[in-house]
Amino acid sequence: MPLSPNSLFGRYEIRFLLGKGGMGEVYLAYDNKLRRQVAIKLLPSEFTLNKVRLSRFEREAYAASSLNHPNIVTIHEIGEQDGLQYIATEYVEGESLRQHMGHAPMELREVLSLASQVAEALSAAHGAGIVHRDIKPENIMVRRDGYVKVLDFGLAKLADETQATAQDIDAEAATKTEEVNTEPGMVMGTASYMSPEQARGLEVDARSDIWSLGVVLYEMVAGRLPFEGPTRTDVLSMILHREPPSLLLHRSEAPAELERIVEKVLTKEREERYQLAKDLSVDLKRLRQRFDVEAELERSLTPEEAARRPNAQVAAGTTVTGVVTQTAEASVAHTLSSAEYVVGEIKRHKLGAMLVVATLVVGIAAFVYYSYFRSRSAAINSVAVLPFANTSGDPNMDYLSDGLSDSLINSLSQLPSLKVIARGSVFKYKGKEVDPQEVAQALGVQAIVTGRVVQRGDQLQVYAELMNVSDKTQMWGEQFNRKATDLLQVQTEISQRIAEQLRLRLTSSEQQQLVKEAKANPQAYELLLKGRFYAAKTTPADYKKAVEYFNQALAVDRNYALAYAELANAYRSLASNSYLDPKETMPKAEAAARTALELDESLADAHTVLALVKKDTWDWAGAEQEFTRAIELNPSLARAHAAFSAYLSIMSRHDLAIAEMKLARDLDPLSLRYNANIGYAYYWARQYDQAIEQLKRTLELDQNFAPAHGLLGYAYAGKGDYTQAIAEYRESIKLRGENTSDQCYLGVALAKAGKRAEAEAILKQLETTKEYVSPTELAQLYVGLGDKEKALAALERAYKAHDLQLQYLGVEPLYDSLRTDPRFQELIRKVGLPR
């Protein structure tokens, strides 16, 4: 309930409303007792219903106020009045940093001053064991004298915990006294300023605040956020998997030292980030002092010197360079366009002037050259390797050209700063004459790699080309004439050339990744390529053929880690598609993956297979650890992101699930499965309209893609549109034939639509068929028919059989009518799913 102007609120006289938002309403008030102006923040009632959390918040807020730090807003009082919880703080006369940034581009000296003050505030709070959790421009006040005050210490944690249990807070007894920590896996806060660990729902510490300040620092300098997207899920995806654009793209005068600071503060691995806010503050202050010294040197010029430099304009806060100041990271800031000045200097000191002019010309040329290529390379951070053409005239050599393309994709995709399109999308262009710009637009990349392979006898000829599609210029092209046994070395050299041309700054470990494959046995590598060639065909017979080749590669080299990883993938595919008995093939997949990792821990594919095995065996923590490691090792591995998305949906972490699935789609944009699975992620999140929209877009790519019709049936049923759901289920059955899964869901929709006789006929058929029927899906049909006891009995059978579909027990909407039953709750507990 809003407070009226001039009304009394305890001992405070309310003046007027200052503002309001998700964290409450803020009023300017007068403290009649202490005779001073204060700000009164009224906390939303939903933040304060849980007395345990409110008490813990009060302790944290009082701890923050006790710091008495000049850059932290002082909390005078926390209390309750007229049933409203409030906080009385000092009144800061000024504006939020968000408002301040809106006036005009900020001078770099001011940016450094404000950021260092915030870092000082964080340093004091972190020293007292307090993490803010929501550093953003709205929580930073700037006084008229340039002094900074940080707001709302403690409130972010209260908001997190309130949202984390919003669904069950009413049922929580007011007398409950045990400590309730923020639930792991919950994603709270303002998305654009979240650290990667916060976005993943992990525990946060002081380094998360440091990251958030880094985002604010970047925004102050660049005038835009480092991670942007149309939706929250897109932003989270960018935070987790993309590097921010160079500051030089937005602020050409930004010194190298500032870019280094920003890069360090926005490092995704928190162990490599600034560990202490104090260290960040020191670096910011040192850079600010350097600006001050350079400005003072500029001011120290005599009038005569200044008169001779009419165009040497100094933008406040920029790095001044030239003859006066020579710093290693400075850029050329003086414009030497005055002919009179140059001629005059030549007349006065011919030799000296010529040297100065020559030095400046060389410096300017070097700067322009560096800036041009730096900006070009910074702009190109995505590439697609199109299938190399087999020009040998022998189709049996396709495995060689395809294999070289595969190897390049796998090698380049391990570089975290480069987006590499997955095989599934690029191989749709195999054997086709294409327009590179059209391909780039369809795949969402800025560069294209093409090539051709010819093998005659033991001689191998490979030509590769890298094209910048924005201007159709060739960035690099080279022909390799080698022996056939040198194919591995050629692939490695091409990967290195591409990384060099894109000016990728690689760590020593990333450089080693590019050359690692070159050490393999050439015969084993050739057998590996043949195995990949058959695995890509995805039929049961071809998967089995692939297994044969991978085993042959291992017979040649028992320590070939990559062959074990590929073997694990093939076995997992045979199991998951029911081509072979999972009880036989899944243990083989797990064993191969573990052996691969024993030989080489850096294989992302092996981590992905192991993650899927752990997920299927309900080892949830182990699965997440393996998924996270796989993506860390290979950010462009689309199947890892897709599998992780399914896991996140199971864990009810829907924002991240949608983001991961969108990323998988972005890495494999022409994949019908990944496009459809975005709709699936929306379905689990119960965002049915978004699911329907996404699935319709998928069907625009291919109307005959049966899984999209089946998923549309789920979404329509979720909305209660059973007529449309029935139509979609029947279309799915028409396209892929009768299957027990579609039959179960069709039966549910028929029952819900009032066509009970038809639903019961399907049930009878499923109860008597010799085919395997998932007891989990059968339980859903029982629910649709209103038979709760049979549904629960079927779920118990599913648990004993370790039915894979039971993973979705916690998020499947069809089970909502069972959720309050203690037997259902016990089942959730046994499977280990979040409740």
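Only the coordinates and a few stated rules stand behind these numbers; no lab work does. Nothing here was measured: the structure is a model prediction, and the numbers come from that model. For neighbour counting, all protein chains shown are included, and Cβ atoms are generated from backbone atoms with ideal geometry for every residue, glycine included.
Computed values, structure above
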| read-out | value |
| --- | --- |
| Total charge dipole magnitude, the stretch 746-835, about the Cα centre, Cβ charges on Lys, Arg, Asp, Glu only, Debye to nearest 20 | 160 |
| Loop trypsin sites (Lys or Arg not before Pro), the stretch 376-458, which have at most 16 other Cβ atoms in a 10 Å radius of their Cβ (DSSP) | Lys430, Lys432 |
| Total charge dipole magnitude, the stretch 380-519, about the Cα centre, Cβ charges on Lys, Arg, Asp, Glu only, Debye to nearest 20 | 240 |
| Net charge of neighbours whose Cβ lies under 13 Å from the Cβ of Pro436, counting Lys and Arg as +1 and Asp and Glu as -1 | -3 |
| Rounded, prolate or oblate (a/c below 1.5 giving rounded, otherwise prolate when a/b exceeds b/c) for the stretch 710-835 by Cα gyration tensor | prolate |
| Burial ordering of His241, His607, His103, His126, fewest other beta-carbon atoms within 10 Å first | His103, His126, His241, His607 |
| Burial ordering of Thr539, Thr450, Thr608, fewest other beta-carbon atoms within 10 Å first | Thr539, Thr450, Thr608 |
| Residues Val445, Val434, sorted so that the one with the fewest Cβ neighbours within 10 Å comes first | Val434, Val445 |
| Computed lengthening from Lys20 to Gln275, 0.36 nm per intervening residue step minus Cα-Cα distance | 88.4 nm |
| Global geometry of the stretch 380-519, whether rounded, prolate or oblate, following the gyration tensor of its Cα atoms and the 1.5 cut on a/c | oblate |
| Net +/- balance of residues flanking Leu266 in space, Cβ distance below 9 Å, scoring K and R +1, D and E -1 | +1 |
| Theoretical gain in end-to-end length, Glu632 to Gln825 [0.36 nm per residue, Cα-Cα removed] | 66.0 nm |
| Unsatisfied cross-links (Cα-Cα over 25 Å) in the set Lys264/Lys419; Lys770/Lys800; Lys472/Lys519; Lys419/Lys545 | Lys472/Lys519; Lys419/Lys545 |
| Most to least packed among 253-260, 74-81, 565-572, 707-714 [average Cβ atoms within 10 Å] | 565-572, 707-714, 253-260, 74-81 |
| Sparse-neighbour loop sites [trypsin sites (Lys or Arg not before Pro); the stretch 721-771; at most 10 other C-beta within 10 Å; DSSP] | Lys770 |
